[in-house]
Amino acid sequence: MARDAPVAARRPTGRTFFGHPPALATLFLTEMWERFSFYGMRAILVLYLTASLADEGRGLEESTANAVYGTYNAMVYLMALPGGWVADRLIGARRSVLWGGVVIAAGHYVMAIPTRWSVFAGMTLIVVGTGLLKPNISTMVGDLYDRDSPRRDAGFAIFYMGINLGAFIAPLICGFLGEKVNWHLGFAAAAVGMTFGVLQYVLGRRGLGEAGARPADPLLGADRRRALTRIGIAAAVVVLVVAALALAGLFTVDTVVNLLTAVTVLITIGYFARIMVDRELSPTERSRMKAYVWLFVFAAAFWLIYDQAGSVLNVFAADNTDRSVAGFTFPASWLQSVNPILIIVGAPLAALLWLRLGHRVSTPLKFAVGLVLNGLSFVLMAAAAQAAVGGDLVSPWWLVAVYAIQVAGELALSPVGLSATTKLAPVKYASQMMGLWFLATAVGDAIGGQVARLADTWAAPTYFLTFGLASVALGLGAVMFTRHIGDLMAGIH
């Protein structure tokens, strides 16, 4: 019933936002500032972790820093699962987004404290806050449209443009402050950005109508008390495990990274199994979930490669590219703005393309195209790495070209995946399914963080070529299964 409630939000009258419901503007701006904080911090994280102690960094090995980066990204998206559950069963999407933004801002402010412990404490808060905000704000966007409306993909593409507007601005500001002035000042800039996001959301949320106002499937009475008790027990277990590792002398960065990677994969398997055996699902919902498993695997493989932009490719930019322009050496993190600016340009074109094509190009085929393009970007990166063999600095235009190919792949997969998730979701798992979509990123990033360790031991051209060709092969294989997956989607395009 709750999924059909926000009818007024879906059919606005009068003022619109680029032809879409005006409430999309509030969600657009909230997500923009949240992504500013996320990508601003992320642009300098690996550079800070690998910087020497003399340069006020953490002095970690590159392989360890890459794994930390991948695991951090994984945890951000893994927490989308409990974040979606909290919205569905306890407080609703709207309040989840608000409290998530507050906790994220607190995490960035902690990272701004110039002490050695602050980075990991701040990252922990950001992980928790993003888990509350990220899946639920996307679910609220879905609430603005009818379930199978052709305008839905276009709306998500516009929303996606807001994500990338924040991601474009963030490295330019946080990157410059972090690399050229002080690392913690860069983290502070990210905190200010999230604060703007929270204020904007509070001021504009009255225009959201009923979208996200109530839990989709609320827990009441004894069930609610039982759930809160279990949450408390789980938190206590986590504290005990951390204490046990510390007492045993095993609480190291590498141990935690490896443990969290295993947890991410196991939770994914367990969560899919739980949904599949749910007897309350209709045959149609069960069939759509089988289709979703395929899309999930494709998405995880995509993010395994794509999200190495902030780790392996960021280090390549710092160490192997000629960044001098008119006597000024621009920060390596500035190249992290290339990807989002290309998406800002491409997202409206993609939205128009999907609107005109309608249902003639299936969602599975779009995923296959994304995988092939993602792989080709790493094949090109192998050529750039070969040109840098021997210590030569290469043009940053190599990375610009790599990011351009990746953006084309992302626009074929990511906004389409967001929309497909809201369409394929069983009613009972509305917000939790959005969390499951972000779990694909978590799995890709967790495994990708471990894979990225190889970049420190393999020859760079071999590393990029191996994983690039693997992604191309998977994408071509996916084309063969598009009709089968389409049948499983049972009328959803």
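Read the figures in this text as sums done on the coordinates, not as results from a lab. Treat the numbers as computed from the prediction; the structure is a model and nothing was measured. All Cβ positions, even for glycine, are placed from backbone atoms using ideal geometry, and neighbour counts span all protein chains on display.
Key figures
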quantity	calculated
Three semi-axes of the equivalent ellipsoid, segment 248-325, Cα gyration tensor, whole Å, largest first	37, 22, 6
Cβ-placed point charges (K, R +1; D, E -1), dipole of the chain about Cα centre in debye, nearest 20	1780 debye
Principal-axis tilt of helix 221-247 within the chain, Cα atoms, nearest 10 degrees	20 degrees
Mean separation of Cα contacts under 8 Å (6+ apart) over length of segment 16-488, as relative contact order %	27 percent
Centroid-to-centroid separation of segment 192-239 and segment 367-388 [C-alpha atoms, Å]	40 Å
Per-peptide average of other Cβ atoms within 10 Å, ordering 71-84, 310-323 highest first	71-84, 310-323
Sequence ranges 225-236, 131-142, ranked by mean other-Cβ count within 10 angstrom, highest first	131-142, 225-236
Cα-only Debye scattering, segment 16-488: base-10 log of I(q)/I(0) at q = 0.11 Å⁻¹	-0.87
Segments 472-483, 401-412 sorted - mean Cβ within 10 Å per residue, highest first	401-412, 472-483
Per residue Cα convex hull volume in Å³ - calculated over segment 307-464	121 Å³
Proximal lysine pairs, segment 16-488, alpha carbons under 22 Å, eight or more residues apart or interchain	6
